[in-house]
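Novice: I am attaching a structure below and will ask some questions about it afterwards.
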Amino acid sequence: MAEEGVRPHAGVRIEGDGFLLRAWRQDDLASLLRHADDPRVPRGLSDRFPHPYTRADGEAFLAGRVVDLAHPVFAIEIDGEACGGIGLRPHAGEKAHSAELGYWLGSAQWGHGHMTRVVAACLAWAVPALALHRIEANVLDTNPASARVLEKNGFAEEGCRRSAIRKPDGLHDLRLFGRVWPG
């Protein structure tokens, strides 16, 4: 984890059609809690995204105790409010040319095509800025909308880890998507 306050990508601002990607700020706590504490949001996400999403969860996230904020981790701002997040976890060593992509969006913004555009804008910045040649993402079998977002952004499904994830309703498959850039 990054030390609190160490956020090398904090000055990055990526403007897109109807959204802004920017660093998370302490004053995002109220909107983070409002959008994250929706039982529909974590259904397709890892257990690092809890439900209920408490004030302590939001404070831990914003302090960098949940994800490494030294990595590119951005708030998705729509209509002046942080209502989701997108981030990349770069790999190291022989995999340093690649990263894992993750994202979420508050349910009030679902169905408007925002995430497809957000992923496209994030990739357009990240691939050259981080010298990436491969980005991968995992999608829970119950989240076909996320798979469509990736496919619309040129990702291909590369495999399936059967019964890889246990959720309250049972075991689920984890679909692996990847996209490669020449280099």
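Novice: Starting from the stretch 96-134, pick out the chymotrypsin sites (Phe, Trp or Tyr not before Pro) whose DSSP state is loop and whose Cβ has at most 16 other Cβ atoms within 10 Å.
Specialist: Sparse-neighbourhood loop chymotrypsin sites (Phe, Trp or Tyr not before Pro): 110.
Novice: Now a separate question. When only alpha-carbon atoms are used, what values of Rg and Dmax, in angstrom, describe the stretch 1-91?
Specialist: 12.5, 33
Novice: Choose one of 133, 42, 21: the residue whose Cα lies farthest towards the positive end of the charge dipole of the chain (beta-carbon charges +1 Lys, Arg; -1 Asp, Glu; about the Cα centre).
Specialist: So the residue furthest toward the plus end is 133.
Novice: Highest first, please rank the peptides 50-58, 83-91 by the mean number of other Cβ atoms sitting within 10 Å of their residues.
Specialist: Values: 50-58: 15.3, 83-91: 21.8.
Per-residue mean Cβ counts within 10 Å order the peptides as 83-91, 50-58.
Novice: Can you give the translational diffusion coefficient of the stretch 1-156 in µm²/s, computed by Stokes-Einstein from the Kirkwood radius over Cα pairs at 10 °C and 1.306 mPa s?
Specialist: Roughly 101 µm²/s, to the nearest whole number.
Novice: Something else about it: Count the net charge of all other residues whose Cβ sits under 15 Å from the Cβ of residue 97, scoring Lys and Arg as +1 and Asp and Glu as -1.
Specialist: Result for the local shell: +1.
Novice: By per-residue mean of other Cβ atoms within 10 Å, what is the highest-first order of 64-75, 156-167? Mind dumping the intermediate values first?
Specialist: Details: 64-75: 20.0, 156-167: 12.2.
Highest to lowest by the protection proxy: 64-75, 156-167.
Novice: Once a ≥ b ≥ c are taken as the square roots of the eigenvalues of the Cα gyration tensor of the stretch 74-166, is the result rounded (a/c under 1.5), prolate (a/b larger than b/c) or oblate (a/b not larger than b/c)?
Specialist: Values: a/c = 1.85, a/b = 1.17, b/c = 1.58.
In terms of gyration-tensor shape, oblate.
Bear in mind these aren't lab numbers, they're just calculated from the coordinates by the rules spelled out. Source: prediction; values computed, not measured. Because the Cβ atoms are built from the backbone with ideal geometry, glycine has one as well, and the counts that use them run over all protein chains shown.
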